Each structure stands twice: as structure tokens, then as C-alpha cells.
Amino acid sequence: MHRYGVSALRRSRAGAELVVWWAQAALPVAVVTAAMYLTGWGAALAVLQLPMIALVVHRCGGRAWPPAAVAGASMLALGEAGVAAGVLPDGLPQPHGHVLAGLVALAMVSTAWVLGAAATGRERAEHTARMSGRRYEALLRDGADLVLLTDGRGEVGYAAPSAARVLGVEPSVLLGAGLRERIHPQDRTLASQLRARLRTEPAAAGEHTTELRVRHHSGDWRWYELAGRNLLADPAVGALLIRMRDVTAQRAMRARVAEAAGRDPVTGLAMSATLERDVDRALRHGTRYQHPVGVLVVNLDGLASLADSGGTEAVNALLGEVAEVLRRSIRDTDVAARLDDTRFGVLLGRVEGAEKARRVAARILRGITARAAAGARFEVASSIGLALSHPGGTDAQTLMQHADTAMHRARRRGRNRCEVYIEQETIAPWN
């Protein structure tokens, strides 16, 4: 019962509001028409209904045209009826006055309909624009991305309200060079490279992205993905559009997944523990089937200077290229792994001898040199140490230590070279 009572109350309120609204739209037209007929020139002055209806539609909106038209036509009919009955004065000869009133009524209704349709279309467009503006404002305030507009030099001219949630700072803090000052020193080169790519390529080329570290208001360095488009030629924008998204959690998740899978998240290669396990298995297999096992340790020299000049992303890009060189240089049955920040390891599970192993090392050296030169990273070089074990000669940990010892010897003797570890107490059967 309560629900039905509430519904009835709502219907009664809606009905009362409709009556009031009809009165507001119809009353001005009715009053003007009545005044015209009281002067005795109702049909002749009835054309004044047109501007009055236009004013009512303008003030009350597109839906005001039906009550205004009904009021105007009704008052014209009543006025002509009064003239015909002799109750109201009329300065026009009849039936010409009636015909003129009928034509004016037709024109008035048609005009009211046209004005109402135009006003309704305008109102809908304005409503759509307001709703779109509110949605856009909500996205800028509550969205996962921070939207920035910068000039070609990287000066921020606009920062969305979501800066408070994404970076923990007010948008005004990022204006000018505020964002550039918060970028990690090692990653500022990446930001400059992104800006250079955006300046030189039009919007049709699509987005350019990079990941770099930015200091949050909490003081932490967090990883953000920056995706940009060149809208400098767009007169409505005239800036570089940058979207920033916090990807710290995603990067940590990728690292955990890669670690759980025994893979290095940067290069996709096996981890150090996986390589040692595979070397141990290969040594047992070599003892059983009487063939030597080889291990290469590849060290990259100059990564520190590359990090200073190009940032973390440049180092990761080079590490990925080195990993690709290793994959292309070894057989499918061999294993490549990343040992630490600068060292890689390679297991040659069934190698015929030192000469075959040296050829693999030479392919790796050539590949790394070519990749570094193509990327203008001439300061990066590599040193390789090679150790082989005859069947039953040693264990996995010792064999990897021997390869590491040879690698350090190669570093001392020069760049881009390979040294072979020779056991002093054993005549190696592969030499």
C-alpha cells in the first residue's frame, strides 16, 4: 500500500508541474491575443503572435511550442467567434477578417512547430555536449591515466586533475618543467628521445611509448608508461599529448612471473640457477657417453657508461639484443642464460673440442659487435671466457668458475676477445 501511495503522490506532483508549465507557456500568448481583439483589430494584429511565440519558445524551451500554439489558435477562434456574435469590435470587413485570422492561425502553428523543433535539436546538442564534457572531466579526474599537454621542448602547459591520484601532486606542480625535474636522472634521455620522436612524426604515425621512472610525491621512484601523440598541427590542441600510467605493479608482476618460470624478465633467457642445473645434467651425460662439455661466460664491458648516457631502457634494449645474438649463435640443444647484470652464460652440451667452442665464441663476439655498432653504442664491448671439461673431469660449479676465470683474463688482455681456461694439473684430451 505504501508503494502505491508513493506512486500516486509522484503522479500528482508531475501533473501539477505540467499544469504550471503549460500555464507559463500559454498565458503570455493568450494575453497578447486577447489585447489585440479588445482593440478591434484582432485579425489584423494577430501577426504579433509570431514574435510572442518565438519569445516563449526561447525562454521556455522547445517543448513550449504545443501549449503556445494551442493558446494562440484557441484565442484566435474565440476572438473571431466574439466578432461574429457582435460582442467584440472589429475594424475589418467580414468575411475577410475571418479568412485573415485563419491564415494567421495556420502560420502561427507552423512557425511554432518549426521554432520548437529547432529549439529541441539545439537543447539535445547542448545536453550531449554537457554530458560529454562531464564524462571527459570525470575521465581526467578519476581515470587511470594522467593526461598532459606539452610543447615541443617538453614544457607542460596542461596537467589533468588526475595528477593528484597518479603522482600525488597538484596539476600546477607539473606545469613548465615540473614533470621533467621529477624524472629519474638515468631516464631523462629516454624522455628526450620520446619527445624527439613525437616532434618528427605526425599524429597519423600513431602513439610512441616508453617506460621510465618518475618520483612520486611519497618520495618513491615509480615506473610509468608514457604514450604520446603529436597534435601540434591540430588547431584545437596545438601540443604534444602525453598519457602517463603507473605500471610499477605490472612490471613487478612480470618479474615475478619470469622468475617463477626460471626466466630473466629483461632478456627472456634462463636464470643462473637453471644454467648450473643444466650444466650438471650435461656433465653426467658427457661422462656416460664420453664427450666433453663446454661453458662460455660472456661479460659486457661499458654498461655503466651506457646507463649514464641512455638510461635504463637503453641498457635493457642492448641486453635484449645480446640475448638474441646468443640464441642465434648456439644450437637448439644448447642453453643460454643471464648470470647477473653484465654476465651471460652458455652451455655447449655436446661439443667436439676447443676449436668448435671457439667458433661459437667468435660468432657471439661478431654478433655483439655488430649490434653495438648499429645502435651507436661503440663504448660497449664483450669479453668471453671458455672452459671445457673432459668426461668425469669436474663438477658444474667448478666448470662455471673456470669459464669465469678465463673471461676475466680476456678482459685484462683486451676488448672483444675470447680466452680458454686450461687446467694446469690435467692434460686436456680436447687439445
From Arg243, Arg222, grab the single residue that is closer than 25 Å to Ser305 by Cα and surrounded by 16 or more Cβ atoms within 10 Å (Cβ to Cβ). Arg222
Looking only at segment 225-240, and only at residues there that are of a type in the set (D, E, K, R) and modelled with pLDDT under 90, the one that is surrounded by the fewest Cβ atoms within 10 Å (Cβ to Cβ): Asp234
Restricting the search to segment 346-367, which residues are more than 23 Å from Val380 (Cα to Cα) and in contact with a helix residue (DSSP H, G or I) (Cβ under 7 Å, 6 or more places away or on another chain)? Leu347, Leu348, Gly349, Val351
For segment 363-395: of the residues being more than 17 Å from Thr342 (Cβ to Cβ) and touching a Leu at 6+ places or on another chain (Cβ under 6 Å), which is modelled with the lowest pLDDT? Ser389
Unmet requirement for Ser74, which otherwise passes all of (1) modelled with pLDDT under 75; (2) assigned to a helix (DSSP H, G or I); (3) surrounded by fewer than 16 Cβ atoms within 10 Å (Cβ to Cβ): (1)
Selection status of Ala81, open to solvent by less than 60 Å² (accessible area, probe 1.4 Å), of a type outside the set (Ser, Thr, Tyr), under 16 Å from Tyr37 (Cβ atoms) and without any contact (Cβ under 8 Å) to a residue 24 or more places away in the chain: yes
Within segment 248-267, can one find any residue that is open to solvent by 40 Å² or more (accessible area, probe 1.4 Å), over 27 Å from the mean Cα position of the chain (by Cα), touching a residue at least 12 places away in the same chain (Cβ under 8 Å) and farther than 30 Å from Glu170 by Cβ? yes
Where Arg350 falls short, out of the listed (1) open to solvent by less than 10 Å² (accessible area, probe 1.4 Å); (2) in contact (Cβ under 8 Å) with a residue 60 or more places away in the chain; (3) not aromatic (Phe, Trp, Tyr): (1)
Of these, Arg130, Arg122, which one is at pLDDT 75 or above and either exposed (fewer than 14 other Cβ atoms within 10 Å of the Cβ) or farther than 20 Å from Ala34 by Cβ (or both)? Arg122
Can you name the number of the only condition in (1) free of Cβ contacts under 8 Å to residues at least 12 places away in the same chain; (2) crowded, with 16+ Cβ neighbours inside 10 Å; (3) not hydroxyl-bearing (Ser, Thr, Tyr) that Met271 fails? (1)
Filtering segment 169-215 down to residues that are of a type in the set (Asp, Glu) and in a loop (DSSP other than H, G, I, E, B), which residue is farthest from the chain's Cα centre (by Cα)? Glu170
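Rundown of residues vs (1) surrounded by fewer than 19 Cβ atoms within 10 Å (Cβ to Cβ); (2) under 23 Å from Gly268 (Cα atoms), yes/no style:
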| site | (1), (2) |
| --- | --- |
| Ala304 | yes, yes |
| Val325 | no, yes |
| Thr333 | yes, yes |
| Arg359 | yes, no |
| Ala370 | yes, yes |
| Ala396 | no, yes |
Restricting to strands (runs of 3 or more DSSP E) lying wholly in segment 305-406: which have 1 or more residues that are among the aromatic types (Phe, Trp, Tyr)? 343-348
From the option list Leu167, Leu212, Leu148, single residue qualifying as within 16 Å of Leu241 (Cβ to Cβ), among the aliphatic types (A, V, I, L, M), at pLDDT 85 or above and crowded, with 17+ Cβ neighbours inside 10 Å is Leu148
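The values are calculated or read from the model by the stated rules, or taken from the named source; none is laboratory data. Since this is a predicted model, take the numbers as computed values, not measurements. Note: ideal-geometry Cβ built from the backbone for every residue, glycine included; neighbour counts use all protein chains shown. The protein model used for the area step is the full one, side chains on, heavy atoms only, and it has no ligands, DNA or RNA in it. Shrake-Rupley method; radii C 1.70, N 1.55, O 1.52, S 1.80 Å.
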